[in-house]
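Notes to accompany the following structure.
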Amino acid sequence: MALSFFGHPRGLATLFFTELWERFSYYGMRALLILFMTAPLAAGGLGFDTGRAGIIYGTYVGMVYFTALPGGWLADRFLGQRRATLYGGVLIMLGHICLAVPALATFYAGLVLIICGTGLLKPNISVMVGQLYQDEDHRRDAGFSVFYMGINLGAFFAPLVCGWLAQSTQFRGILAAAGIAPESAWHWGFAMAAIGMFFGLLQYLAGWKYLGDAGMHPGGAGDAASRERNRRTLARWGIGIAVAVALLAGLVAAGTVRITPEGVGNAVGIALLAVTFGFFGRLFTSGEWTPAERKRLVTIVVLFVASVIFWAVYEQAGSTLNLFAERNTDNRIFGFSIPASWYQSLPPIYVILLAPVFAWLWIRLGDREPTSPAKFVLGLVFVGLGFVLLVPAAGLAAGGGRVSPAWLVLTYLLHVIGELCLSPVGLSATTKLAPARVVGLMMGVWFVSLAVGNYLGGLAAAQYEAISLPMLFGGIGGFAIVAGLVLALLVKPIGRMLARGG
């Protein structure tokens, strides 16, 4: 009798726990990142101001999603998803090990390694989940739901464990008693993220045999001529990157160019915008689009912009809201002081609890279920309301006081309601609108929207000390709500296009 995992292929368990531990490592580190960068040197941090820390944070999280595009291409053409996931996990683990070493050079090296590793692992492990099932297997959607729970379980436990190691007075006391500098606690938190990814790799290799042929062979390699073209393309990119790096290194050595985090962040922002405008510009100027397809492309652009705005606001969880939890929130609950990073566990536990409720609600509504663009509107409005809710709390904290944790608890609840309205339908709407010949590219566009949104969210976080908190939170929330109201005017025409496929 074949082994199964809750009625699904046994290989799903392998991918479930690999993703759980990868998300554990990612969210454990993310919960600490901006707090570590802005912590004073005497407290073991880097002593950055929020302007620099916000740009670094935005660049990091933006590139994590953007590298999913080359990561997917390398897997399709050369590595196969199986090896790409393995290599990505190894790079992620090495990146967290670098962060565990208290030096500025290893800090930046760790971020680069995690970016590259996540780009290889994140898109390809999801592809393998689908490959575990035959096309007609009715369990496929349920399998992805189980896999999604692994993501949120890892995201829930990570801030609790890594945050306790990095920020709690209890663990710092343990370090002091052992003769270890308590200020090094940050790096113990990063080390735990590395250990998490190590556990993920161990069970991935142990469960390798249960994956069958999933991800073993590059699906997009093509015939011999195609493989040769792919190799030439890879060689050109490799040579181009090597030349650019060598040229930059020479300019830095000569003192002509000075590399700063702000400069790198600005360059990444320009690159993201250039890729976005270049991509859509090329599509719009292509002569192969019919009038109906061109209308659908306009709709895709509208939803792309809505997605960018949503994620720019939602992903403030790891930056602006994290800083608010650290600096402006009374973190004593029932007489017990909790690390600020623990609030990062609220969104995933809300998702776990509310996702079944929303699934039931959409079925219950039947024909009255909101259309995909209407759900986009709800997502933008709810994520905006979360920040609007914080405006009075920010006003109370403006004088240096600390506010109740209930403000953040309610804000994250509103944000997750918005996520459950928008996130599940994003890819679905995009694939419905895109012609079959470019549907793969359009799935990549969804990752680009997350990359741009996360990057812009980091730029907003950079303003934490530059403008008043009520103005910052009100501006972020108001912008999302206005965007939602504008999109509401387009709901009916977009809904008609989705209904008739053109």
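Pull up region 227-279, narrow it to residues that are under 26 Å from the mean Cα position of the chain (by Cα) and hydroxyl-bearing (Ser, Thr, Tyr), then point me to the one that is surrounded by the fewest Cβ atoms within 10 Å (Cβ to Cβ). Applying the filter and picking the extreme gives 260. When the residues of region 96-107 are filtered to those that are without any contact (Cβ under 8 Å) to a residue 24 or more places away in the chain and part of a helix (DSSP H, G or I), which remaining residue is most open to solvent (accessible area, probe 1.4 Å)? Out of the qualifying residues, it is 105. The residue pairs whose first member lies in region 238-253 and is among the hydrophobic types (A, V, I, L, M, F, W, C), whose second member is surrounded by 10 or more Cβ atoms within 10 Å (Cβ to Cβ), and whose beta carbons are closer than 7 Å, counting only pairs six or more residues apart or on different chains, are 248/257; 251/257; 252/259.
Scanning region 363-380 for residues that are under 17 Å from residue 491 (Cβ atoms), in a helix (DSSP H, G or I) and open to solvent by 40 Å² or more (accessible area, probe 1.4 Å) yields a total of 4. Among helices (runs of 4 or more DSSP H) entirely within region 246-328, having at least 1 residues that are closer than 30 Å to residue 40 by Cβ and modelled with pLDDT of 90 or more singles out 291-314, 320-328. Quick check: anything in region 63-85 under 22 Å from residue 326 (Cβ atoms), surrounded by 24 or more Cβ atoms within 10 Å (Cβ to Cβ) and either modelled with pLDDT under 95 or not polar (S, T, N, Q) (or both)? For region 63-85, residues under 22 Å from residue 326 (Cβ atoms), surrounded by 24 or more Cβ atoms within 10 Å (Cβ to Cβ) and either modelled with pLDDT under 95 or not polar (S, T, N, Q) (or both): absent. Looking across region 15-44 at every residue that is over 17 Å from residue 340 (Cα atoms) and open to solvent by 30 Å² or more (accessible area, probe 1.4 Å), the one that is farthest from the chain's Cα centre (by Cα) is identified as 42. When residues in region 34-53 are screened for being under 14 Å from residue 265 (Cβ atoms) and part of a helix (DSSP H, G or I), 6 of them pass.
Please indicate, with yes or no, whether at least one residue in region 292-305 is polar (S, T, N, Q) and open to solvent by less than 40 Å² (accessible area, probe 1.4 Å). Within region 292-305 (the criterion being polar (S, T, N, Q) and open to solvent by less than 40 Å² (accessible area, probe 1.4 Å)), the answer is yes, since at least one residue qualifies. The residues on offer are 150, 215, and the sole one that is open to solvent by less than 10 Å² (accessible area, probe 1.4 Å), at pLDDT below 90 and outside any helix (DSSP H, G or I) is 215.
The values are calculated or read from the model by the stated rules, or taken from the named source; none is laboratory data. Everything quoted here is computed from the prediction, not taken from an experiment. When we count neighbours, we look across all protein chains shown, and the Cβ atoms used for this are built from the backbone with ideal geometry, even at glycine. When the accessible area is computed, the model is the full protein with side chains, heavy atoms only, and any ligands, DNA or RNA have been set aside. Shrake-Rupley method; radii C 1.70, N 1.55, O 1.52, S 1.80 Å.
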